[in-house]
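One structure is given below, encoded as structure tokens.
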Amino acid sequence: MKTKIATSESIESFLNDLLRISHFKDYCPNGLQVQGKSHIKTVVSGVTASLALIEQAIELNADAVLVHHGWFWKNDDPRIIRQLHARLQLLMEHNINLYAYHLPLDQHPEFGNNAQLAQILGFEIQGQSKENDLVWYGKPSQGSRKKNLLDIRERIEKKLQRTPLVIGDDHQPIKKVAWCTGGAQGYIDIAANLGADVYISGEISEQTSHAARELGIAYISAGHHATERYGVQALGIHVAKTFGIRHIHVDIPNPA
Ligand SMILES: [Zn+2]
């Protein structure tokens, strides 16, 4: 396969098409958020465009940073001051491009966070909720052995390297799982409407525990960062292959 020429523009249009960004109404701009140098040899991927990630990218000689959580969110202060100023100044001093893909990356059938999490946890994907297509559902595994909540909890702990917070009874059988990566605990009623035995997302709110008990569904809070590490990583690998460039994933630890 002939590789494409890696420029700021060619990578942007490749990613925008692949992730079908025009199909999404999002809280932030998707695509190239900050323009940097034209020729790209090294891409660093990470979950969030934090200062620590930018510092690592500079050390790794990156020409572009690819993230799931970029900048310029709908309710942000639009001024370039304080935290954003520090991040932006450092990025621009080094002429690094910043690409960010939020909902389009959650949803992509192959490189998306939901798809990648299912693969890591061994879930068989069966579909997406008609009420809200960010909530996916499926079987807990391809194997025939019956699963209970304890099996799912232990698998998450092992694969994501993080102790999840679990609402429910360890011995309850799990035939159907629903999941949405990130801060999607508010969709628990959608997971219950799907008839799922457990809903897995990244965070938990005070009311999530009550909702789980009252809706009769188990809930697992597996970490916002921990559930969203895999989409951007898979995307970075794919970009590197397509353009014949170097990709390095940097995991900036985050307990949330
Ligand atoms: Zn997120």
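The values are calculated or read from the model by the stated rules, or taken from the named source; none is laboratory data. No experiment lies behind these values; they were computed from the predicted model shown. Backbone-built Cβ (ideal geometry, glycine too); neighbour counts: all protein chains shown. The protein model used for the area step is the full one, side chains on, heavy atoms only, and it has no ligands, DNA or RNA in it. Shrake-Rupley method; radii C 1.70, N 1.55, O 1.52, S 1.80 Å.
Residue by residue, here is whether (1) at pLDDT below 95; (2) within 16 Å of the ligand (Cβ to nearest atom); (3) open to solvent by less than 20 Å² (accessible area, probe 1.4 Å); (4) in contact with a Cys (Cβ under 8 Å, 6 or more places away or on another chain) holds:
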| residue | (1), (2), (3), (4) |
| --- | --- |
| 167 | no, no, no, no |
| 177 | no, no, yes, no |
| 184 | no, yes, yes, no |
| 187 | no, yes, no, yes |
| 232 | no, yes, yes, no |
| 240 | no, no, yes, no |
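Checked against the criterion of being modelled with pLDDT of 95 or more, out of contact with any Gly (no Cβ under 7 Å at 6 or more places or on another chain), open to solvent by less than 40 Å² (accessible area, probe 1.4 Å) and within 16 Å of the ligand (Cβ to nearest atom), the candidates 46, 112, 31 yield just one match: 46. Taking every residue in the range 2-15 that is touching a residue at least 40 places away in the same chain (Cβ under 8 Å) and pairing it with any residue that is among the charged types (D, E, K, R) and surrounded by fewer than 16 Cβ atoms within 10 Å (Cβ to Cβ), at least 6 positions away or on another chain, the pairs with Cβ-Cβ distances below 6 Å are 10/4. Filter the range 196-224 down to the residues that are surrounded by fewer than 19 Cβ atoms within 10 Å (Cβ to Cβ) and within 16 Å of the ligand (Cβ to nearest atom) and list them by number. Within the range 196-224, 203, 205 qualify. Take residue 12 and decide whether it is at pLDDT 95 or above, open to solvent by 60 Å² or more (accessible area, probe 1.4 Å) and of a type outside the set (S, T, N, Q). The answer is no for residue 12. Note on the range 50-68: residues that are over 23 Å from residue 242 (Cα atoms) and within 16 Å of the ligand (Cβ to nearest atom) amount to 2. Flag set for residue 119, criterion: away from the ligand (no atom under 16 Å from the Cβ), over 22 Å from residue 16 (Cα atoms), in a helix (DSSP H, G or I) and at pLDDT 95 or above.
Only one entry of 125, 80 meets the criterion of being touching a strand residue (DSSP E or B) at 6+ places or on another chain (Cβ under 6 Å) and either without any contact (Cβ under 8 Å) to a residue 24 or more places away in the chain or open to solvent by 10 Å² or more (accessible area, probe 1.4 Å) (or both), and that entry is 125. Those residues that are in a loop (DSSP other than H, G, I, E, B) and more than 17 Å from residue 53 (Cβ to Cβ), I need them from the range 224-246; list them, please. Within the range 224-246, 244, 245 qualify.
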